[in-house]
Amino acid sequence: MKKSEKIVADFISLVEKGHIEPGEKLPTHRDLAFDYECSVGTASRAYAELERRGYCYGRVGQGTFVYGAPNLRTAFPPSP
């Protein structure tokens, strides 16, 4: 399993189990890379995949935030 796939799988599991709440700010790409001992590019690919799947969204200069699990009522879209 590629490192970015592991990050995605871990994140999805945490969201679906309720350990990460909708609206919660996620670690920076650099901090995530440090935690997983991978490159910042790998962390960015993982966040991009999570965003593509509807689990999170990023705001330039503000960070990356959790939508929630797409199948849960607690998921919400980003505010403008």
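The values are calculated or read from the model by the stated rules, or taken from the named source; none is laboratory data. These numbers come from a predicted model, not from an experiment. Using ideal geometry, Cβ is built from the backbone for each residue, glycine included, and neighbour counts are taken over all protein chains shown.
Overview of results
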| quantity | calculated |
| --- | --- |
| Subset tally (residues that are modelled with pLDDT of 95 or more and closer than 19 Å to GLY58 by Cα) for the stretch 6-26 | 4 |
| Residue ID - surrounded by the fewest Cβ atoms within 10 Å (Cβ to Cβ), chosen from residues in the stretch 1-55 that are aromatic (Phe, Trp, Tyr) and more than 18 Å from PHE65 (Cβ to Cβ) | PHE34 |
